[in-house]
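Student: After the structure tokens below, expect a handful of questions from me.
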Amino acid sequence: MRYWVVIILFNFLVACETNKSPTKIAADPIIALQPLGTFPESTAAALADSLQQALNCSIILLPARQLPKQAYYKQRQRYRADTLIKLAAIQSKALSYRTVVYLTVKDVSHSNEQHHDFGIFGLGYQPGNGAVASTFRLRKHINSRLFKVVIHEIGHNAGLPHCTTSNCYMRDAHGKMIQDSLVAFCNACKPKLVHLRK
């Protein structure tokens, strides 16, 4: 009798621990949020809740980790987004997640046709499984604006290109603060999000 009590208690404790563990959520696919450095836990948690409501897939919040030193661009004292999304993609594949989104308070940048080092809100593969978003340039309404940056990059990961609809999440910011005018995926973009489930 004592043996069965021990087994039942052990199974109960394992089940409870499984519910807390971000790597044990059964739903598929999984989009993981990876806070970096001093990224606020409350901001990351609010983002996870907003994404969970907006997308038909599991959103998990991973424990914070340090910013990767290899992504630091000393000349401009900021981090290269292209390096960060490569590392996020590697982490995503290693853990079998659909996408890993790195979150940081630090300035991030990448190269475009006009500038070698252009400061941005976020970056994501199109398609792919790695993205990064920064609150550095968002200034105010952080939770709302961050959500729109992240869902935009997740859209790219799912294969969505930029959209010309003025209030669509996939509209190209062109370096401007347009997030407050974005309200949803438009009717052309929304059906394509099925790719999140591949």
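Student: Scan the range 79-105 for residues that are charged (D, E, K, R) and buried (at least 19 other Cβ atoms within 10 Å of the Cβ) and jot them down.
Tutor: R80, R98
Student: If I filter the range 57-70 down to residues being under 14 Å from V100 (Cβ atoms) and in contact with a Leu (Cβ under 9 Å, 6 or more places away or on another chain), which single residue comes out as surrounded by the most Cβ atoms within 10 Å (Cβ to Cβ)?
Tutor: Checking each candidate, the answer is I59.
Student: Would you check if there is a residue in the range 78-92 being assigned to a strand (DSSP E or B) and touching a helix residue (DSSP H, G or I) at 6+ places or on another chain (Cβ under 8 Å)?
Tutor: Among the residues of the range 78-92, at least one is assigned to a strand (DSSP E or B) and touching a helix residue (DSSP H, G or I) at 6+ places or on another chain (Cβ under 8 Å), which makes the answer yes.
Student: Test L47 against the criterion of being of a type in the set (A, V, I, L, M, F, W, C) and within 24 Å of G159 (Cα to Cα), and give yes or no.
Tutor: yes
Student: Here's a check for you: in the range 138-159, which residue that is open to solvent by 30 Å² or more (accessible area, probe 1.4 Å) and in a helix (DSSP H, G or I) is nearest to V108 (Cα to Cα)?
Tutor: Checking each candidate, the answer is I142.
Student: Looking only at residues that are touching a strand residue (DSSP E or B) at 6+ places or on another chain (Cβ under 9 Å) and in a helix (DSSP H, G or I) in the range 160-198, which one is most open to solvent (accessible area, probe 1.4 Å)?
Tutor: Among residues in the range 160-198 that are touching a strand residue (DSSP E or B) at 6+ places or on another chain (Cβ under 9 Å) and in a helix (DSSP H, G or I), the one most open to solvent (accessible area, probe 1.4 Å) is K190.
Student: Which of (1) within 21 Å of N56 (Cα to Cα); (2) free of Cβ contacts under 8 Å to residues at least 12 places away in the same chain; (3) among the polar types (S, T, N, Q) is the odd one out, the single condition Q126 does not satisfy?
Tutor: Checking Q126 against (1) within 21 Å of N56 (Cα to Cα); (2) free of Cβ contacts under 8 Å to residues at least 12 places away in the same chain; (3) among the polar types (S, T, N, Q), the one that fails is (2).
The values are calculated or read from the model by the stated rules, or taken from the named source; none is laboratory data. Small disclaimer: the values here were computed from a predicted structure and weren't measured. Don't worry about glycine lacking a Cβ; one is built from the backbone with ideal geometry, like all the others, and counts go over all protein chains shown. Ligands, DNA and RNA are excluded from the accessible area calculation, which covers all protein heavy atoms including side chains. Shrake-Rupley method; radii C 1.70, N 1.55, O 1.52, S 1.80 Å.
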